[in-house]
Amino acid sequence: MTVIDGTSRSIPATSTQPQPQPQPQRPSSGVDACTAAPEAHPRPAGKDSYTISEVVAFTGLTAHTLRWYERIGLMPHVDRSHTGQRRFSNRDLDWLVFVGKLRLTGMPVADMVRYAELLRVGESTFEERQELLESTRRDVITRIAELHDTLAVLDHKIEYYAGARRAPERHSA
């Protein structure tokens, strides 16, 4: 089960055809978490203070990327220790997982930043956020169709070469 924009959705492990998703529902609490929660956090809530190097190890992102995300406004406010060091929370980790999913869709960074800005504004931006995500979803579906076509060409070529290898064996027997 994945939670995005406060909406729980089951996502199949594998699927060859894009499946229509139910329309997102607004969270009843009025808080838009807007995260795709990882399977498990390294630390329980309340004890979730991570250094930048721990986040690097957990996410696979570089420290430079994390600082850049913060500088361009893609990361929500990251807490700081009394010495000024960044301290990330489980919520920050969840956000980074969601941003990673957006990156995989091919969403431009400017659109991701816009989405983050809209999120900070609050509930009045639900419609605009939904439009951004729906546009990205359409782009993903188009890309999946292109990849299916490409896969069919590769499969055809692989079958051709496999058949060509078998053909000489038939003649020599």
Item to complete: Could you look through the range 96-135, keep only residues that are in contact (Cβ under 8 Å) with a residue 12 or more places away in the chain and of a type in the set (D, E, K, R), and pick out the one that is least open to solvent (accessible area, probe 1.4 Å)?
Response: ARG129
Worksheet item: So which residues in the range 73-84 are open to solvent by 40 Å² or more (accessible area, probe 1.4 Å), modelled with pLDDT of 90 or more and under 20 Å from HIS41 (Cβ atoms)?
Response: ASP79
Fill in: Among (1) out of contact with any helix residue (DSSP H, G or I) (no Cβ under 6 Å at 6 or more places or on another chain); (2) within 28 Å of ARG67 (Cα to Cα); (3) aromatic (Phe, Trp, Tyr), the one test that TYR115 misses
(1)
Worksheet, complete the sentence: Only unsatisfied item for VAL153, checking (1) touching a Ser or Thr at 6+ places or on another chain (Cβ under 9 Å); (2) over 25 Å from TYR50 (Cα atoms), is (1)
Worksheet item: Which numbered condition trips up PRO76, out of (1) touching a Ser or Thr at 6+ places or on another chain (Cβ under 9 Å); (2) touching a residue at least 40 places away in the same chain (Cβ under 8 Å)?
Response: (1)
Worksheet item: Among the residues of the range 127-149, which ones are within 17 Å of ARG114 (Cα to Cα) and either in contact with a Ser or Thr (Cβ under 7 Å, 6 or more places away or on another chain) or among the β-branched types (Val, Ile, Thr) (or both)?
Response: THR136
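Among LEU102, LEU118, which is at pLDDT 95 or above and touching an Asp or Glu at 6+ places or on another chain (Cβ under 6 Å)?
Values: LEU102 fails: touching an Asp or Glu at 6+ places or on another chain (Cβ under 6 Å).
Criteria check complete, one pass: LEU118.
The values are calculated or read from the model by the stated rules, or taken from the named source; none is laboratory data. For clarity, every value in this text was computed on a predicted model and none was experimentally measured. Don't worry about glycine lacking a Cβ; one is built from the backbone with ideal geometry, like all the others, and counts go over all protein chains shown. Just the protein is used for accessible areas: all its heavy atoms, side chains included, with ligands, DNA and RNA removed. Shrake-Rupley method; radii C 1.70, N 1.55, O 1.52, S 1.80 Å.
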